[in-house]
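What follows is a short report on a single structure.
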Amino acid sequence: MTRSDEEAVVEIYRAENRAMVERDQATLERILAETMTLTHMTGYIQPRQEWIAQIMDGKMKYYSSTEERVFDVVVEGDQASLVGQNRVKASVWGGGVST
């Protein structure tokens, strides 16, 4: 892994967080694998396209996403992972706004 590979992975992570706040469907669809899922705190595993659709229709409204830290960036061949912590202000499925 080169430093530029690590930086590219972190930038994609940041782009995802910006895109969910900005409701940028094109970016989310471009950078997230079709097989991507989002696991909610409730344990519900939400498919990528359902998550994007709910961002677009306002069922999942992200007001901000502030990065606290990124660590454990791993690049192996054409796959990569990282662990990130963000403080996200959102209203999900009709609930109140919380962070």
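Here are the numbers for the structure shown:
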| read-out | value |
| --- | --- |
| Members of the range 1-32 found to be open to solvent by 60 Å² or more (accessible area, probe 1.4 Å) and aliphatic (A, V, I, L, M), listed by number | 1, 12, 26 |
| Qualifying residue in the range 27-43 (condition: within 22 Å of residue 97 (Cβ to Cβ) and in a helix (DSSP H, G or I)) | yes |
| Residues of the range 39-53 satisfying the condition of being crowded, with 16+ Cβ neighbours inside 10 Å and hydrophobic (A, V, I, L, M, F, W, C) | 51, 52 |
| Pick from the range 60-99, criterion free of Cβ contacts under 8 Å to residues at least 12 places away in the same chain and either in a loop (DSSP other than H, G, I, E, B) or touching a Leu at 6+ places or on another chain (Cβ under 7 Å) (or both), ranking: farthest from residue 22 (Cα to Cα) | 77 |
| Hits in the range 13-55 - residues which are more than 19 Å from residue 90 (Cα to Cα) and either of a type in the set (Lys, Arg) or touching a residue at least 40 places away in the same chain (Cβ under 8 Å) (or both) | 30 |
| Identity of the residue in the range 61-89, in contact with a Phe, Trp or Tyr (Cβ under 7 Å, 6 or more places away or on another chain) and not small (Gly, Ala, Ser), that ends up surrounded by the fewest Cβ atoms within 10 Å (Cβ to Cβ) | 83 |
| Candidate set from the range 90-99 (those that are surrounded by 14 or more Cβ atoms within 10 Å (Cβ to Cβ) and of a type outside the set (Val, Ile, Thr)); member that is farthest from the chain's Cα centre (by Cα) | 91 |
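The values are calculated or read from the model by the stated rules, or taken from the named source; none is laboratory data. Keep in mind the model is a prediction, meaning the values are calculated, not measured. Counting neighbours? That spans all protein chains shown, and the Cβs are built from the backbone with ideal geometry, glycine included. The accessibility values were calculated without ligands, DNA or RNA, using every heavy atom of the protein model including side chains. Shrake-Rupley method; radii C 1.70, N 1.55, O 1.52, S 1.80 Å.
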